[in-house]
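Engineer: This structure is in structure tokens; I'll ask about it shortly.
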Amino acid sequence: MSATRPIRVLMVCLGNICRSPTAEAMLRKKAHEAGLDDRLEVDSAGTADYHVDSPPDRRAVAHGERRGLRMQQLRGRQVSREDFERFDHILAMDEDNLANLLRIRPRGSHAKVALLLSFAPEAGAREVPDPYYGGAEGFERVLDLTAAAADGFIAVVLRN
Ligand code: 4NP
């Protein structure tokens, strides 16, 4: 039991239907497996508004399901200025997402804004590539990278 409030994490990509919902579900699952559910609140959003209220991409859902992720209940939303007050960590999938987040970040926000893969230095990648216009291997790559980052986040942030 922890007396401190949960750490709040927001995963961010462009559309909020492929990468960031996968990253959200992956971190939630790994925290659960580590017995750390009560230490964490995780959500996701997109920098664009193309898919507001949409469920995740069916390919992302299908690939995620094979690794035990539950994503069907998630709905797309766009990142907002309030997110910078609410979340402790705002984690971008790629450099474009990061630049957009830093552009809209309100003055005085204490949220830590970073690339998700800064928590997976051993992965040898800085960005989680957008799988939207590609094939199955892109969705598997998203799962591999988000799994590595979730492990790193739990080790570095949640266990400290
Ligand atoms: P995501 O993938 O940013 O990982 O959710 C995309 C989803 C939709 C689009 C682009 C990327 N789109 O152009 O609609």
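Engineer: I'd like to know which of Ala23, Asn97, His110 lies farthest towards the positive end of the charge dipole of the chain, counting +1 on Cβ of Lys and Arg and -1 on Cβ of Asp and Glu.
Structural biologist: His110
Engineer: Just subtract the alpha-carbon distance of Ala136 and Ala99 from 0.36 nm times their residue separation and send over the number in nm, one decimal.
Structural biologist: On the way: separation 37, 0.36 × 37 = 13.32 nm, distance 2.76 nm.
Taking Ala136 through Ala99 to full extension adds about 10.6 nm, to one decimal.
Engineer: I've got another one for you. Give a residue-ordered list of calculated ³J(HN,Hα) values for the range 81-88 (Karplus: 6.51 cos²θ - 1.76 cosθ + 1.60, θ = phi - 60°; whole Hz; x for Gly, Pro).
Structural biologist: Calculated HN-Hα couplings, in order: 5, 4, 4, 6, 8, 7, 9, 7 Hz.
Engineer: Specify the residue with the greatest mean-square fluctuation among Ala45, Ala99, Ala149, computed from a Gaussian network of the chain linking alpha-carbon atoms under 10 Å apart.
Structural biologist: Per the Cα network of the chain with a 10 Å cutoff, Ala99 tops the list.
Engineer: Give the carbon-plus-sulfur fraction of the accessible surface of the range 7-155 in %, rounded to a whole number; probe 1.4 Å, heavy atoms of protein chains only.
Structural biologist: Working: 3460 of 7160 Å².
C and S fraction of accessible area: 48 percent.
Engineer: Extent of the chain along each principal axis, from alpha carbon coordinates, in Å, largest to smallest?
Structural biologist: For the chain, the Cα extents along the three principal axes come out at 42, 34, 32 Å.
Engineer: With n ≥ 4 as the cut-off for DSSP H runs, can you work out [θ] at 222 nm for the chain, using -39500 (n - 2.57) per run divided by the number of residues, rounded to the nearest 500?
Structural biologist: On the way: 5 runs with 55 residues, N = 160.
Calculated at 222 nm, the ellipticity per residue is -10500 deg cm²/dmol.
Engineer: Could I ask something else about it? Between Val42 and residues 5 or more places away or on another chain, which pairs have amide H atoms under 5 Å apart, with H built 1.01 Å from N, and which residues are they?
Structural biologist: For Val42, the qualifying residues are Val9.
Engineer: Same structure again: Can you give me the accessible area per residue for the range 38-160, using a 1.4 Å probe, in Å²?
Structural biologist: On the way: 6690 Å² over 123 residues.
That works out to 54 Å² per residue.
The values are calculated or read from the model by the stated rules, or taken from the named source; none is laboratory data. Note that this is a predicted model, so its numbers are computed, not measured. Cβ sites come from the backbone with ideal geometry, for glycine too, and all protein chains shown count toward neighbours. With ligands, DNA and RNA removed, areas are computed over all heavy atoms of the protein, side chains included. Shrake-Rupley method; radii C 1.70, N 1.55, O 1.52, S 1.80 Å.
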